[in-house]
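Notes to accompany the following structure.
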Amino acid sequence: MSSFNDLMVVGLTGQTGAGKSTVSKVFSENGFAVINADSVARKVVEKGTKCLAEIQELFGSGVINEDETLNRRALAGIVFSDSGKLEMLNTIIYPYITSEILQQIKDCSAKGEKLILLDAPTLFESRADDFCELVISVISKAELREKRIISRDNLTPEQARKRMNSQLDEEFFIKNSDYIITNNSTIETVYEISKEVSDRIKELYYNKIKVC
């Protein structure tokens, strides 16, 4: 539960390949400031950061490019094939990610933003849901997600399935979310549903402010 009394921080998460980016775009168009946790994750492992140094110490120089940046494909090949190593990576990176997310929430607040969408694939795993008043999860059929991931990330079917299997299951998202957006149809359909949900959340926020 968020402790930002004058804000409403909404978490957006869900299954990889489910169409979260479309939902995020709709919320942005509807007046929400968006914090993208993928961008945060890239920032905390930039060249020269403490987080990157810890990753190199644990996984070796094979995950570092010649220019001293992170070799994401090499690291992904390791952690998505070994759940134990993925957990070790998460133990390193999540504290840096949550610290940066908290700072960005504060920055948004300082700019007068009151409705904030935290777009985070690993919202629950990183405990960033603690910052959120509401959580939305996007889910979709496995075969659709696999096709989207292969096309989006230029992966083999095996690599796509490994990424899918490394995530929380659909039942978890349904049980732990305030809103579920199912994306098994057209982009127009998910757009309409997302607009409806964002309108509803804005109404909840304004009603909360009136009460306060």
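The values are calculated or read from the model by the stated rules, or taken from the named source; none is laboratory data. All of these numbers come straight from a predicted model, not from anything done at the bench. Cβ atoms come from the backbone with ideal geometry, glycine included; neighbour counts cover every protein chain shown. In case anyone asks, the SASA skips ligands and DNA or RNA and just uses the protein heavy atoms, side chains included. Shrake-Rupley method; radii C 1.70, N 1.55, O 1.52, S 1.80 Å.
Overview of values
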{"item": "Accessible surface of residue 99 - all protein chains present, 1.4 Å probe, nearest 10 Å²", "result": "70"}
{"item": "Shape category assigned to the stretch 7-118 from the gyration tensor of Cα positions, a/c cut at 1.5", "result": "prolate"}
{"item": "Mean separation of Cα contacts under 8 Å, 6 or more apart, over the residue count of the stretch 60-212: relative contact order %", "result": "19"}
{"item": "Links that overshoot a 21 Å alpha carbon limit, given the list 114/195; 85/147; 20/162", "result": "85/147"}
{"item": "Reach of residue 25 by Cα under 15 Å, taken over aspartates and glutamates that are not fewer than 8 positions away in the same chain", "result": "38, 119, 188, 192, 196, 199"}
{"item": "Positive-end residue of 109, 90, 120, charge dipole of the stretch 84-137 with Cβ unit charges", "result": "109"}
{"item": "D_trans [Stokes-Einstein, Kirkwood Rh over alpha-carbon pairs] for the stretch 1-63, 37 °C, 0.692 mPa s, µm² s⁻¹", "result": "225"}
{"item": "The chain - percent of accessible surface contributed by carbon and sulfur, probe 1.4 Å", "result": "49"}
{"item": "Dipole magnitude (debye, nearest 20) for the stretch 1-135, charges at Cβ of Lys, Arg, Asp, Glu", "result": "200"}
{"item": "Where N is the number of residues in the stretch 89-136, Cα Rg divided by 2.2 N^0.38 Å", "result": "1.16"}
{"item": "Accessible surface, per residue, of the chain when the full set of protein chains is kept, probe 1.4 Å, Å²", "result": "54"}
{"item": "Normalised convex hull volume, the stretch 53-128, alpha-carbon set, Å³ per residue", "result": "110"}
{"item": "Relative contact order (percent, whole number), the stretch 48-134, Cα cutoff 8 Å, 6+ residue spacing", "result": "21"}
{"item": "Residue with peak Gaussian network fluctuation, the chain [Cα springs, cutoff 10 Å], from 48, 19, 11", "result": "48"}
{"item": "Beta bridge orientation in the stretch 1-159: antiparallel %, DSSP, nearest 5", "result": "5"}
{"item": "The stretch 1-148: relative contact order in percent, alpha carbon pairs under 8 Å with at least 6 residues between", "result": "53"}
{"item": "Estimated FRET transfer efficiency (residue 187, residue 103; beta-carbon r; R0 41 Å; 0.05)", "result": "0.80"}
{"item": "Kirkwood Rh, Cα atoms: Rg over Rh of the stretch 109-212", "result": "1.02"}
{"item": "Spatial separation of Cα centroids for the stretch 57-104 and the stretch 117-131, in angstrom", "result": "17"}
{"item": "Value at 222 nm in deg cm²/dmol, rounded to 500, when DSSP H runs of n ≥ 4 in the chain each add -39,500 (n - 2.57)", "result": "-17500 deg cm²/dmol"}
{"item": "Options 53, 34, 194, ranked by Cα towards positive dipole end of the chain, top entry (Cβ charges)", "result": "194"}
{"item": "Area of residue 148 that stays accessible when all protein chains are in place (1.4 Å probe, Å², to 10)", "result": "70"}
